[in-house]
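Nothing in this text is a laboratory measurement; each read-out follows from the coordinates by a stated rule. No experiment lies behind these values; they were computed from the predicted model shown. Methodologically, a virtual Cβ is constructed for each residue, glycine included, from the backbone with ideal geometry; neighbour enumeration extends over all protein chains shown.
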C-alpha cells in the first residue's frame, strides 16, 4: 500500500487535470486556469489573466449565447449554488483570425468564503464534435421526426404487447379452467404444446407438455388415435367422435380403464398444405354412458318382468277358465289368483325386487287369500330371504293351499286351524335346505281328490327352485298335510 | 311334425307358465316332459325320447343355449320362448323359431309344426 503523502499539492493537481478549468472572480475577471483550458481555448495564459471573461472571449451581448452564459454566472453569484449549462454555442476566436463555431457544456461551481461567493470555477467541456455528429445524422435522416415516430411506435408496440400478454393470459386461464378437456398438439410427431387441467385429469395427471404423443400416452397410439390425429393434420379435415371408447391409465403407470369421450380434432394453422397442429377439445361422457347403459338394462329387465308377468296372468286365466267350471266361479277364482300375485309383487316392490322374507311371503299370501280367516293360520320359523321368482312361486302355492283349505279343508268351517312351520338349515356352498310344513286340523274329513286340479299341480311343482324341490301332499282324514322340501340359493341383503 | 301324438320337452323355470304350456300342448294331443332347470333338461335329453322341445331362453338367470346345442347335436327340432323381446340369439341359433311371451297355443303350434 502506498503511503499517504504528508500534504497534497492541489495547485499541481489542478494544473495537471485533463479537464479544462478556469477560475473567475465574482466580477468575472479571470483569476487563473489550467493547461487543459488553455489548450481547448487555443490561448496563452498571459492573454487571459486579469481580463474579464467576456473581454477575453467576446460575443454579441444581445446574442442567446452571451445571455445564457451571463445569466448562469449571475445565478451562481446571487444564490451561491452551482449552475449548469447543458449545451451552449460559443464561438472562439482563432489565433489565425476569424471565429470557429464551438459548442460547449459547462458547470459553474461557487467557491464560498464566509458565506459569500469568492470565486467561480468553470468546468467546460467542448462538445462540438458530438453536436456535429448529431446534426449530420439529423440532416441525413430527419432524425427528430423519425426518432419521435420510432419512439411512439415503440410505445405502441410495448402497449400492444402488454394487452396481448394479458389476452393470452386470459385465454390460457379459460383453457385451463374449461370444464371440457383441451389440448394442442403440433408437428408430425404430435407434440403436446398445451393441455388443460381437465385433460391432465383424463390422462391420470401425467406430464405431457413438450412430449410427443407416443412418449406421453403410448396406450392411445396402440388404439389408433395417433394415426387419427395425423390424418386430421395432413388432410386438414376435422374429426368428430361421439361416445368413443378409449382405454386410458387413470393413474400414471396404473391399469387401463375404459372412458367414453365426445371430442373433436380440429386442424390448426393455414399457411401450409398440412396443418401445423391439431386442437383437441372434448368431454368425458363416461358417467353419462354408464347411466344410459344402466337405464337400458333396467328397461330391458322391466320389459322382461312385464312379459313374464303377462305370461303368468295368461296362464292363470287359462287355468281358471275352462269347460268344467261355471263362468262366475271361474272369474272369482281368477280374481283371487290375480290378487295373490299382486300381493306378492307388492311385497317384492318394497324390497326393490331383490328379495322377500320367507315368513313375510307366506303371511302376505295368506292375508290376501283368507282375509279374516288368516287369524286361524299360525306361521312360525326363521325368516330367511327368498329370490324374487321363488317368492312369487311360493306365494302362488300358498294361495292355492289357502283356497283349497277355504273350499274343502280346515278353513271351510268355523273352528279348523292351519299350522305352518318353516325350518332352514345353515348355508352350505351358498345353498340352504328349506322345509315348509302346512298342516290342517279341525276341518271336515278329507279324502284324496279324484282329479288333480291346477292348484294341486302347482303346489306339486314346487318353488321354482334352482334345484329340484320335493313336495308331498298327504290327504289325511284329520286334514291335509303338505310338506315342501327345497334346496334354495342364499340371497344376500 | 304334428303335435298330436308327439312328445315335447319343456324347459321353463316359472311353474305357473310351465303348467299352462303343458295344458296347451295336452290339448293339441301332445305328451309333455317338464324341466324347470337346465340340469334337469339335460338329464331328460340323455334319458328320454321326444320329438321336439320348447326352451325358455333365460332359466334362473342363465341362458339355455347349452341345452339348445345338445338338442342341435341330436337333430331334435326345438323353438325358443323368451320374455326378452330385443335379445338376439348367437349366430348358430339365429334361425331357430322364437316365440315371445306371452304366447298363445296357436303361436306354439305354428312354431313347432312349421306351418300356419
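Side notes on the structure shown:
- Axis angle, to the nearest 10 degrees, between helix A:327-350 and the longest C-alpha principal axis of chain A: 40 degrees.
- The label-point distance for residue B:100 and residue A:31, in a model that sets each label 7 Å from Cα toward Cβ, rounds to 12.4 nm.
- Per-peptide average of other Cβ atoms within 10 Å, ordering B:7-14, A:51-58, A:387-394 highest first: A:387-394, B:7-14, A:51-58
- To the nearest ten degrees, helix A:225-235 and the longest principal axis of the Cα atoms of chain A are 50 degrees apart.
- Length-normalised contact order for the range A:370-493 - Cα pairs under 8 Å, 6+ apart - percent: 28 percent
- Peptide B:17-28 has a mean shielding of 4, counted as Cβ atoms of other protein chains within 10 Å of each residue's Cβ.
- For the protein assembly as shown, the pair-distance distribution built from all alpha carbon pairs, in bins 20 Å wide starting at 0, is 14, 23, 15, 14, 8, 7, 14, 5, 0 percent.
- Gyration tensor verdict on the range A:306-374 (Cα atoms; rounded if a/c is under 1.5, prolate if a/b is larger than b/c, oblate otherwise): oblate
- Length-normalised contact order for chain A - Cα pairs under 8 Å, 6+ apart - percent: 6 percent
- Å³ per residue enclosed by the Cα convex hull of the range A:358-493: 95 Å³
- Here the range A:1-129 is described by how far its Cα atoms reach on the three principal axes: 52, 36, 27 Å, from widest to narrowest.
- Each peptide in A:92-105, B:55-68 receives the mean, over its residues, of other Cβ atoms within 10 Å, and ordering these scores from highest gives B:55-68, A:92-105.
- With bins 5 Å wide beginning at 0, the percent of Cα pairs of the range A:223-309 falling in each bin runs 3, 13, 15, 15, 14, 12, 9, 7, 5, 3, 2, 1, 1, 0.
- Averaged over peptide A:316-322, the number of partner chain Cβ atoms lying within 10 Å of each residue's Cβ comes to 3.
- Share antiparallel - DSSP beta bridges, chain A, percent rounded to 5: 95 percent
- In this calculation the C-beta distance from residue A:16 to residue A:130 is compared with R0 = 30 Å, giving a FRET efficiency of 0.75.
- When the P(r) of the range A:257-307 is calculated, the portion above 14 Å amounts to 69% of the C-alpha pairs.
- Once the chain from residue A:475 to residue A:329 is taken as fully extended at 0.36 nm per residue, the excess over their C-alpha distance is 50.1 nm.
- Computed as a quarter of the hull surface, the mean projected area of the alpha carbon convex hull for the range A:176-242 stands at 4.6 nm².
- Cβ-derived FRET efficiency at R0 45 Å, residue A:156 paired with residue A:107, nearest 0.05: 0.75
- Between residue A:49 and residue A:86, the C-beta separation translates, for a Förster distance of 25 Å, into a calculated FRET efficiency of about 0.30.
- 0 to 90° range, to nearest 10: angle between helix A:388-407 axis and chain A longest Cα axis: 30 degrees
- Extents of chain B, taken as max minus min of Cα coordinates on every principal axis and listed largest first, are 31, 31, 27 Å.
- Ranked packing of A:416-422, A:472-478, most packed first, by mean Cβ within 10 Å: A:416-422, A:472-478
- Inter-chain Cβ neighbour average for residues A:198-207, partner chain, 10 Å: 0
- Value of [θ]222 nm, deg cm²/dmol, for chain A, DSSP H segments ≥ 4, -39500 (n - 2.57) each, nearest 500: -14000 deg cm²/dmol
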